[in-house]
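The next block holds one structure in the form of structure tokens; read it before the comments.
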Amino acid sequence: MKIVMIGSGYVGLVSGVCFADFGHQVICVDKDASKIEALNSGRLPIYEPGLDELVAKNVREQRLSFTTDLAGPVGEADAVFIAVGTPSRRGDGHADLSYVYGAAREIAAAVKGFTVVVDKSTVPVGTGDEVERLMREANPEADVAVVSNPEFLREGAAIGDFKRPDRIVIGTVDERAKAVMTDVYRPLFLNTSPLIFTDRRTAELIKYSANAFLAMKITFINEIADLCEKVGADVQQVARGIGADNRIGSKFLHAGPGYGGSCFPKDTLALVKTAQDNDSPVRLIETTVAINDQRKRAMARKVVRAVGGDLYGKKVAVLGLTFKPNTDDMREAPSISIIQALQDAGAKVSAYDPVGMEQAKPLLPAGISYADSVYEAAADAHCIVIVTEWDQFRALDLPRLKESVADPILVDLRNIYQPEEVTRHGFRYASIGRASA
Ligand code: NAD
């Protein structure tokens with residue numbers, strides 16, 4: 001199979017490399033010449049565990065290459081995947097489809113022979129119809145089938161998720177396209193990965209429904225965590241107690257500072273807009289969005305309480321900036337709002353992240369001092385706040401930290417410690433949904 005991937009970001013690059021690793025011939029295209037130049041010189045434009053080895057291997061074995069030229073490769077392809085960004089549109093929160101439509105027009109002008117055009121970007125219901133219309137308008141001769149194949153990988157675990165997915169959703173009723181898509185994913189059959197064939201609109205809605213449901217589940221446990229704090233219960237035990245029920249499931253029941261990242265915030269918002277436009281509001285999701293928005297600044301108030309009510313002039317060490325561990329992605333990271341709120345309360349912020357510091361700097365407010373290690377960030381701090389649960393924060397040298405901080409206060413927004421582990425070393429400890437100690 002000859003596959004072209006348009007967009008070589010978190011999804012396009014991982015998908016392209018994994019398809020190559022299955023044995024397909026893959027060309028990854030991106031408009032951003034600096035990304036392609038980096039990839040062609042053996043450097044990755046993103047951080048994703050295991051991706052560098054997999055890219056190197058497939059380039060070496062000549063199944064994978066990178067280019068800014070879309071037309072040449074598309075003319076030869078059996079399947080062209082669109083994996084460009086669909087950020088929130090400024091102003092109204094709808095998905096910005098300009099990159100998808102731009103790619104579709106370019107593909108239309110370049111296709112030769114029957115070609116399956118596969119939308120892997122997360123797009124609102126009906127986008128596939130519009131992509132097809134645009135392509136026919138741009139090139140009435142084009143013999144294309146437009147398929148929806150949403151992606152469910154998680155950054156930080158993307159390769160494993162792509163190679164061993166829970167399901168592969170393929171939205172098309174075109175028999176020729178079904179045959180091509182079956183061939184594209186055939187190497188996964190050994191792992192009995194279920195292909196779910198639907199019509200295109202249903203596939204598009206599956207992706208938004210999945211993300212909205214997960215965002216709602218996180219928000220649910222976050223609210224229960226707040227209640228736990230008020231009534232003296234332990235949210236981790238509540239999560240365990242309800243998660244053991246198969247109907248509920250234990251995943252996405254970790255209370256924290258509110259969801260962030262490149263998908264949940266924009267996708268929940270886009271679903272709300274689609275639903276409103278269709279006179280069928282999704283009130284649970286509207287509420288989820290509102291609760292989550294308020295939650296991040298509420299985390300800064302938790303820090304203020306932990307230090308005794310006044311942060312003015314105090315130094316706060318923020319550990320972890322990316323929206324979750326094992327990625328350098330800073331899009332909609334909770335750290336952005338939390339740090340802003342800490343500064344608004346008068347705190348001086350020092351920050352450390354193992355991987356995402358360079359990506360973080362342009363997105364965070366001015367006036368932060370960036371440290372090279374946890375211990376540098378925490379020196380003379382009046383409070384240490386764990387915002388992202390990187391592995392290296394799970395076994396901090398608490399005696400060493402106790403020596404160097406101004407006040408031994410740890411606020412753990414990810415519940416990675418047990419209270420007694422921390423208090424034993426002379427720290428005061430606050431976490432989410434558990435009594436402060
Ligand atoms: P990204 O911003 O990392 O990558 C998109 C890339 O597309 C960029 O490198 C950009 O330069 C390129 N691009 C834009 N227009 C182009 C064009 N016409 N030709 C060539 N390249 C072009 O985005 P991402 O995180 O990979 O997300 C892509 C899509 O996948 C989004 O719709 C997102 O919602 C969805 N998705 C993302 C994830 C995730 O974890 N990041 C998971 C599932 C689905």
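Amide H to amide H, which residues 5 or more places from D353 or on other chains are under 5 Å from it, using H placed in the peptide plane?
The answer is G320.
Going by how many other beta carbons lie within 10 Å of each one, how would you line up L153, L284, fewest first?
Ascending Cβ contact count within 10 Å gives the list L284, L153.
Distance between Cα centroids, the range 45-60 to the range 237-258: provide it in whole Å.
34 Å
When a footprinting reagent is the concern and you count Cβ atoms within 10 Å, what order do R295, R283, R176 take, fewest first? Let's see the in-between values first.
Numbers: R295 22, R283 9, R176 12.
Fewest-to-most Cβ neighbours within 10 Å comes out as R283, R176, R295.
Counting other beta carbons within 10 Å of each Cβ, put S209, S280, S262, S121 in order, fewest first.
Lowest count first: S280, S209, S262, S121.
Using θ = phi - 60° and the Karplus relation 6.51 cos²θ - 1.76 cosθ + 1.60, list the HN-Hα couplings for the range 132-144 in order, rounded to whole Hz, with x at every Gly or Pro.
For the range 132-144, the Karplus-derived couplings read 5, 4, 4, 5, 5, 5, 5, 8, x, 7, 4, 9, 10 Hz, x marking Gly and Pro.
Give the shape of the range 159-206 as rounded, prolate or oblate, defined through the alpha-carbon gyration tensor: a ≥ b ≥ c are the square roots of its eigenvalues, a/c under 1.5 means rounded, and otherwise the shape is prolate if a/b is larger than b/c and oblate if not.
Working: a/c = 2.60, a/b = 1.38, b/c = 1.89.
In terms of gyration-tensor shape, oblate.
So for the range 2-198, considering every pair of alpha-carbon atoms, how many percent are separated by more than 29 Å?
Values: 3279 of 19306 pairs.
Of all Cα-Cα pairs in the range 2-198, 17 percent lie more than 29 Å apart.
Find the Cα radius of gyration of the range 82-162, compare it with 2.2 N^0.38 Å by division, and give the number to two decimals. Spell out each step's value before the answer.
Details: Rg = 13.8 Å, N = 81, 2.2 N^0.38 = 11.7 Å.
Relative to the 2.2 N^0.38 Å estimate, the range 82-162 comes out at 1.18.
For the chain, report the convex hull volume of the alpha-carbon atoms normalised per residue, in Å³, without decimals.
151 Å³
How many Å³ per residue does the convex hull of the Cα positions in the range 157-260 occupy? If you can, show how the numbers build up before the last one.
Numbers: hull volume 12.9 nm³, N = 104.
Output value, Cα hull per residue: 124 Å³.
Just how many % of Cα pairs in the range 105-226 lie over 20 Å apart, if you round to the nearest whole percent?
I get 51 percent for the Cα pairs in the range 105-226 exceeding 20 Å.
Just need log10 I(q)/I(0) for the range 294-430 at q = 0.19 Å⁻¹, Debye formula, equal scatterers on the alpha-carbon atoms, no solvent, rounded to two decimals.
Per q value, in the given order, log10 I(q)/I(0) is -1.06.
Just for the range 2-198, what percent of DSSP beta bridges are antiparallel, to the closest 5? Please list the in-between numbers first.
Numbers: 2 of 28 bridges.
Counting only bridges with both partners in the range 2-198, antiparallel ones make up about 5 percent.
Taking the Cα centre of the range 4-99 as the origin, how large is its charge dipole in debye, to the nearest 20, when only Lys and Arg (+1) and Asp and Glu (-1) carry charge on their Cβ atoms?
Around 120 debye, computed over the range 4-99.
Binning every alpha carbon pair distance of the range 254-335 at 10 Å from zero, what are the percents per bin?
Taking every Cα pair in the range 254-335, the percentages come to 16, 38, 29, 14, 4.
In the chain, what % of DSSP beta bridges are antiparallel (nearest 5)?
5 percent
If you find the alpha carbon centre of the range 267-343 and of the range 123-171, how far apart are they in angstrom?
Cα centroid to Cα centroid, the span is 29 Å.
Per the Cauchy relation, a quarter of the hull surface: what is the mean projected area of the convex hull of the alpha carbons in the range 1-91, in nm²?
Projected area, direction-averaged: 6.2 nm².
Using the Kirkwood formula on the Cα atoms of the range 271-319, what hydrodynamic radius do you get, in angstrom to one decimal?
Values: mean 1/r = 0.0747 Å⁻¹.
It works out to 13.4 Å.
Too long at a 31 Å Cα-Cα cut-off: which of K35/K361; K178/K324; K217/K273; K251/K273?
Over 31 Å Cα-Cα: K178/K324.
Is it possible to state the helix-based mean residue ellipticity at 222 nm for the chain, with each DSSP H run of 4+ residues giving -39500 (n - 2.57), the sum divided by total residues, to the nearest 500 deg cm²/dmol? What is it?
It comes out at -13000 deg cm²/dmol, rounded to the nearest 500.
Rule-based calculations on the coordinates, nothing more; no lab input. All figures in this text were calculated on a predicted structure; none of them were measured in a lab. Methodologically, a virtual Cβ is constructed for each residue, glycine included, from the backbone with ideal geometry; neighbour enumeration extends over all protein chains shown.
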